[in-house]
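Asks: This is the structure I want to talk about, given as structure tokens.
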Amino acid sequence: MALKTLAAAGLAVAALAGCAIPNSRAVPDDVSLLNNRLSVSFSNGIRCRVEGISEQPTGALTGCPIPAQYDVRVQRPGYFGDVITEPYADLLITDSSGRAHLFKTPHSRNWSARLGSDGR
């Protein structure tokens, strides 16, 4: 019986490993912009960071295994400074296929970004 359980567990692990998203198919899933640092989380769990966003608001996610470009447009600072709260910003992450993904900070603004400007 233990052998059957072990074999079933091995098959489950093998099946789940096949579900992993390769870097070439990963898309930006979430962003944060705090303390002059942009962090981008991808759909396969990889997280990439860029320091010094105020000096370089556009560029490539250098050192990231997933090639992508970023464009940060800060509308205004956060209520308690950018160390504690995120600034009001639009962030455009463009993946290697050329598809652009729009995110907004703080996160509460993403509902309107995903729904469209008319709220639908």
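The values are calculated or read from the model by the stated rules, or taken from the named source; none is laboratory data. Predicted model, so just to flag it, every value in this text is computed and none were measured. Positions of Cβ are backbone-derived with ideal geometry, glycine not excepted, and every protein chain shown enters the neighbour counts. SASA here: full protein model, heavy atoms, side chains in, ligands and nucleic acids out. Shrake-Rupley method; radii C 1.70, N 1.55, O 1.52, S 1.80 Å.
Asks: Which condition number does Gln56 fail, the rest of (1) open to solvent by 20 Å² or more (accessible area, probe 1.4 Å); (2) under 14 Å from the mean Cα position of the chain (by Cα); (3) modelled with pLDDT of 90 or more being met?
Replies: Answer for Gln56: the failing condition is (2).
Asks: Taking the range 59-86 on its own, how many of its residues are open to solvent by less than 60 Å² (accessible area, probe 1.4 Å), part of a loop (DSSP other than H, G, I, E, B) and at pLDDT 90 or above?
Replies: Of the residues in the range 59-86, 3 are open to solvent by less than 60 Å² (accessible area, probe 1.4 Å), part of a loop (DSSP other than H, G, I, E, B) and at pLDDT 90 or above.
Asks: Give me the pairs: first residue in the range 31-50 and closer than 18 Å to His107 by Cα, second residue open to solvent by 60 Å² or more (accessible area, probe 1.4 Å) and hydroxyl-bearing (Ser, Thr, Tyr), beta-carbon distance under 6 Å, and six or more apart or on different chains, which are they?
Replies: Asn36/Ser54
Asks: Would you check if Thr105 is under 15 Å from Asn35 (Cβ atoms), within 15 Å of the chain's Cα centre (by Cα) and modelled with pLDDT under 95?
Replies: On the way: under 15 Å from Asn35 (Cβ atoms): yes; within 15 Å of the chain's Cα centre (by Cα): yes; modelled with pLDDT under 95: yes.
Yes.
Asks: Something else now. In the range 11-28, how many residues are at pLDDT 85 or above and surrounded by fewer than 10 Cβ atoms within 10 Å (Cβ to Cβ)?
Replies: Total satisfying the criteria: 1.
Asks: Please find, within the range 87-106, the residue that is surrounded by the most Cβ atoms within 10 Å (Cβ to Cβ) out of those that are part of a loop (DSSP other than H, G, I, E, B) and in contact (Cβ under 8 Å) with a residue 12 or more places away in the chain. It would help to see each step written out before you state the result.
Replies: As a first pass, look at the range 87-106 and keep what is part of a loop (DSSP other than H, G, I, E, B): 87, 96-99, 106.
Now restrict to residues that are in contact (Cβ under 8 Å) with a residue 12 or more places away in the chain: 87, 96, 99, 106.
Numbers: Pro87: 20, Ser96: 12, Arg99: 10, Pro106: 15.
Per the criteria, the residue is Pro87.
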